[in-house]
1. Kindly indicate whether Ile57 is under 19 Å from Ser294 (Cβ atoms), part of a helix (DSSP H, G or I) and in contact with a helix residue (DSSP H, G or I) (Cβ under 6 Å, 6 or more places away or on another chain).
2. Filter region 150-182 for residues that are under 21 Å from Tyr252 (Cα atoms) and not β-branched (Val, Ile, Thr); which is surrounded by the fewest Cβ atoms within 10 Å (Cβ to Cβ)?
3. Given the criteria surrounded by 20 or more Cβ atoms within 10 Å (Cβ to Cβ) and either of a type outside the set (Phe, Trp, Tyr) or on the phi < 0 side of the Ramachandran plot (or both), does Leu147 qualify?
4. Kindly provide the set of residues from region 23-43 that are at pLDDT 90 or above and either under 18 Å from Gly79 (Cα atoms) or among the hydroxyl-bearing types (Ser, Thr, Tyr) (or both), ordered by number.
5. Return the only residue of Ile196, Ile230, Ile134, Ile200 being over 21 Å from His96 (Cβ atoms) and not acidic (Asp, Glu).
6. Collect the residues in region 176-197 that are among the small types (Gly, Ala, Ser) and in contact with an Asp or Glu (Cβ under 6 Å, 6 or more places away or on another chain), keeping them in residue-number order.
7. List the residue pairs whose Cβ atoms are under 6 Å apart, where the first residue sits in region 201-218 and is farther than 16 Å from Ile171 by Cβ and in contact (Cβ under 8 Å) with a residue 12 or more places away in the chain, the second is of a type in the set (Asp, Glu) and in a strand (DSSP E or B), and the two are 6 or more positions apart or on different chains.
8. Quick check on region 86-119: of everything there that is out of contact with any helix residue (DSSP H, G or I) (no Cβ under 7 Å at 6 or more places or on another chain) and among the β-branched types (Val, Ile, Thr), which residue is surrounded by the most Cβ atoms within 10 Å (Cβ to Cβ)?
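The values are calculated or read from the model by the stated rules, or taken from the named source; none is laboratory data. All of these numbers come straight from a predicted model, not from anything done at the bench. Positions of Cβ are generated from backbone atoms using ideal geometry, with glycine treated the same way; all protein chains shown enter the neighbour counts.
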Amino acid sequence: MIENNNVFDPLAPIEDDVEEHAEPSDLDDNYKALAKTIFNETPAKSEGLLDILRHRILDEEKWNVPTSNRYLLKMLRAGNYDVEGALQVIREYYTHFQLRPNYFRFCTKENIDKVLGVPIQTVLPHRDRHQRRILILRTEHWDPATLTYPELFCAGYMLCELMSLEPKNQIAGVTCVVDLTGYSFAHMHSFTWDGIKSSIALLQNSFPLWMRAVHFVNVPLLFRATFHLISPMLSDEMKECIFMHYSLEDLYDHLDPAILPTELGGTNGPLDNENCKKLLFQMLDYFQRAQTYSIKSNAEPQES
């Protein structure tokens, strides 16, 4: 793995109709080398596989999904540079929308303001040593009485969509830090099995973004019991990406405190959501458009 320590690379504005644009050519040599290492990605291989994937999608008469190079390359990387794998990600992604519309109806300005108005979720402006974006989730300021799990999930989904549009993240993936300070019975009871399935799908099956590492910090006994119930639903590959830390010092073996917010004992200032909020506001049309795409078959979608 190519390492590039603590790069300051804040999320940038996303163009409207971004999926219609060609793949940007500004990937630096580090990311091109990383793509070659992870996916064996080369320009010639990309061109051939994109053509095959596009034709496979067009052959599906009941599929209404984008077919631009940028969109297909995102799905191809999510499918580990395999056409069948990419098609499976596409199926799972849109089936998830169709099966669980309640978890996506909060893609609104009001929900962005509500959820990101408190320091619960954000994407850090620095990348980690593996060139990955860092997604932060925190339970301490989450009051389930005023903020439902579907509202919280939808904000997390929007942040993941935002990250998935950056080609760098499609290659390097994302590191997630879940701070469980203050985790309580109220939090535990806010999860339904359907909500748990939605979160797991976002992590491992139904989304075009690789979660390369998930770090749980300040883990209480109550969450260990919760995790014991959900761990059978995780793939072996996902389990290998999960780390449980019982102190912040353990986390620092993986992430430099110089790029972490003060809420995680870091030295990079308090958690700040303003840039993420601004970018999500710019993407509201994108989120609405994403939900107009669909896949259909003669059979009804099956629960995953």
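1. no
2. It comes out as Gly182.
3. Taking the combined requirement at face value, the residue does not satisfy it.
4. Correct list: Tyr31, Lys32, Leu34, Ala35, Lys36, Thr37, Ile38, Phe39, Asn40, Glu41, Thr42, Pro43.
5. Testing whether each residue is over 21 Å from His96 (Cβ atoms) and not acidic (Asp, Glu) leaves just Ile134.
6. Gly182
7. Val217/Asp179; Asn218/Asp179
8. By that ranking, first place goes to Thr95.
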